[in-house]
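Structure first, then comments.
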Amino acid sequence: MHTTNDIYKEIRPYNDSEVNGAIERLVNDDEFITAILNYRFPQLSGIFGWLLRPIIRRFLVNKWSNINTVEDVQNHVAKYMAATLEQSCDAITHSGLEKLDKNKAYLFVSNHRDIAMDPAIVNWCLFNQGFKSVRIAIGDNLLKKPCATELMRLNKSFIVKRSIKAPREMMKALGLLSSYIADSIETGHSIWIAQKEGRAKDGNDKTEPAILKMFNMEGRKRKQSFSEFMASLNIVPVAISYENDPCDIAKAQELDQIRTKGSYEKGELEDIDSIIKGIVGEKRRIHVSFGDVIGASFETPEDLAVEIDRQITQNYKLFPANYLAADIEHESVTAQERQMFEDKLASQSTGVADILKKMYAYPAEKQQG
């Protein structure tokens with residue numbers, strides 16, 4: 001987007017000319033430096049914080065001195081990803097990429113289990129197979145701190161304004177988002193977006209037709225039929241499955257509290273904690289299934305949602321925990337797997353354990369369907 005009339009400036013990722021400015025703002029952001037301090041040196045951050053801050057700042061200035069373009073950022077992130085995945089998971093596999101064309105842009109509509117890892121893992125699979133990385137849709141609810149916005153926009157994220165409440169403003173923001181997505185695909189940039197707002201905390205992956213209606217706002221503006229415009233976006237459903245979800249107990253406790261108390265109050269740093277736990281927590285094996293490109297055969301958002309759900313359900317790779325939770329006999333389930341799963345359930349109250357079990361059972365039950 002190097003046009004003089006930069007209509008997407010508010011929401012789009014940074015381009016090359018903005019990288020240095022963003023890095024400079026990050027390095028000078030006290031909250032960002034404090035976050036690194038608390039995360040890397042929690043025991044020293046209180047007493048020696050004032051001493052360590054300038055050292056961390058200098059370290060970052062040196063470390064990032066050769067980052068000048070979006071691609072530099074991506075290569076840097078890829079190195080971090082390699083190290084993180086090495087520590088937090090046993091294997092990453094993928095299927096379906098052989099059906100896609102490296103020279104085409106796709107709109108990847110994905111199930112959503114983990115805030116940061118879902119798009120990162122999809123990107124990782126694409127990157128390693130010689131595809132261009134994706135632009136990532138991220139809700140502004142996760143960008144309450146300026147440093148979070150800087151980091152995300154540096155890493156090819158664009159902003160979905162969820163916090164707007166006024167209907168007219170909301171429609172305007174959605175129209176801009178729809179236009180940006182279409183423009184990205186037309187200019188050769190793939191996109192990752194979740195099939196619904198927020199994670200599927202209960203394990204039931206379902207596409208919200210409202211998201212597909214948002215995609216189509218640009219189509220309506222262009223006076224194209226729904227099916228024709230959707231086909232032009234090259235939608236590919238993506239199913240990500242984690243053998244172990246590092247945030248599973250936290251999700252189950254939240255759902256249990258909503259069930260018993262009627263509501264759940266999020267802590268101020270809860271989203272950040274979920275992001276960190278999702279990145280560093282143990283995931284065991286991960287599989288990403290890329291589905292088939294959706295053609296022009298769906299006339300309504302509801303019909304299209306059914307097709308995306310069908311592909312995600314069918315392509316979701318089941319692991320032993322899924323079979324165990326759904327009480328389905330399967331040769332991949334060993335005595336050790338059974339013991340591990342039973343121990344996890346036994347460590348929680350009955351209410352939380354029931355939700356945990358259902359969370360892992362859903363994908364298997366739906367496939368058996």
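Of note:
- If the condition is being surrounded by 14 or more Cβ atoms within 10 Å (Cβ to Cβ) and over 28 Å from the mean Cα position of the chain (by Cα), then the stretch 48-85 contributes GLY49, LEU52, ARG53, ILE56, ARG57.
- Subset of the stretch 271-300 (residues that are surrounded by fewer than 16 Cβ atoms within 10 Å (Cβ to Cβ) and over 21 Å from THR84 (Cβ atoms)): ASP292, GLY295, ALA296, SER297, GLU299, THR300
- Checked against the criterion of being part of a helix (DSSP H, G or I) and in contact with a Ser or Thr (Cβ under 7 Å, 6 or more places away or on another chain), the candidates ALA296, ALA364, ALA321, ALA305 yield just one match: ALA305.
- Members of the stretch 1-24 that are among the basic types (Lys, Arg) and exposed (fewer than 15 other Cβ atoms within 10 Å of the Cβ): LYS9
- Hey, VAL280 over 25 Å from GLY96 (Cα atoms), touching a residue at least 40 places away in the same chain (Cβ under 8 Å) and not assigned by TED's automatic domain parsing to the domain that holds GLU208 or not: no
- Within the stretch 163-254, helices (runs of 4 or more DSSP H) holding 2 or more residues that are within 20 Å of the chain's Cα centre (by Cα): 167-186, 209-221
Residue-wise test of (1) over 22 Å from SER232 (Cβ atoms); (2) among the hydrophobic types (A, V, I, L, M, F, W, C); (3) outside the structural domain of LYS206 (by TED's automatic domain parsing).
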residue: GLY295; (1), (2), (3): no, no, no
residue: GLU299; (1), (2), (3): no, no, no
residue: VAL306; (1), (2), (3): no, yes, no
residue: ARG310; (1), (2), (3): no, no, no
residue: ASN322; (1), (2), (3): yes, no, yes
residue: HIS330; (1), (2), (3): yes, no, yes
residue: GLN336; (1), (2), (3): yes, no, yes
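- Test for ILE164: is it touching a Leu at 6+ places or on another chain (Cβ under 7 Å) and surrounded by 14 or more Cβ atoms within 10 Å (Cβ to Cβ): no
- Considering residues of the stretch 2-20 that are of a type in the set (Val, Ile, Thr) and modelled with pLDDT of 95 or more only, the residue farthest from the chain's Cα centre (by Cα): ILE7
- Under the condition of being surrounded by 19 or more Cβ atoms within 10 Å (Cβ to Cβ), in a helix (DSSP H, G or I) and either modelled with pLDDT under 95 or not basic (Lys, Arg) (or both), the residues counted in the stretch 324-361 number 9.
- The single condition among (1) surrounded by fewer than 13 Cβ atoms within 10 Å (Cβ to Cβ); (2) over 30 Å from VAL238 (Cα atoms); (3) under 25 Å from the mean Cα position of the chain (by Cα) that LYS99 does not meet is (2).
- Test result for PHE32, surrounded by fewer than 16 Cβ atoms within 10 Å (Cβ to Cβ), under 22 Å from LYS145 (Cα atoms) and hydrophobic (A, V, I, L, M, F, W, C): no
- Yes/no for LYS366 being within 30 Å of LEU126 (Cα to Cα), in contact with a helix residue (DSSP H, G or I) (Cβ under 6 Å, 6 or more places away or on another chain), of a type in the set (D, E, K, R) and not assigned by TED's automatic domain parsing to the domain that holds GLY219: yes
- The residue pairs whose first member lies in the stretch 238-253 and is more than 27 Å from GLU307 (Cβ to Cβ) and modelled with pLDDT under 95, whose second member is surrounded by fewer than 23 Cβ atoms within 10 Å (Cβ to Cβ) and of a type in the set (Phe, Trp, Tyr), and whose beta carbons are closer than 8 Å, counting only pairs six or more residues apart or on different chains, do not exist in this structure.
- Test for SER232: is it surrounded by fewer than 18 Cβ atoms within 10 Å (Cβ to Cβ) and hydroxyl-bearing (Ser, Thr, Tyr): yes
- Within the stretch 123-162, the set of residues being assigned to a loop (DSSP other than H, G, I, E, B), more than 30 Å from ASN28 (Cα to Cα) and in contact (Cβ under 8 Å) with a residue 40 or more places away in the chain comprises PHE131, LYS132.
- Taking residues in the stretch 353-365 that are hydroxyl-bearing (Ser, Thr, Tyr), and partners anywhere that are outside any helix (DSSP H, G or I) and surrounded by fewer than 18 Cβ atoms within 10 Å (Cβ to Cβ), the pairs with Cβ atoms closer than 9 Å and at least 6 places apart or on different chains are TYR362/ASP202; TYR362/ASN204.
The values are calculated or read from the model by the stated rules, or taken from the named source; none is laboratory data. Keep in mind the model is a prediction, meaning the values are calculated, not measured. Positions of Cβ are backbone-derived with ideal geometry, glycine not excepted, and every protein chain shown enters the neighbour counts.
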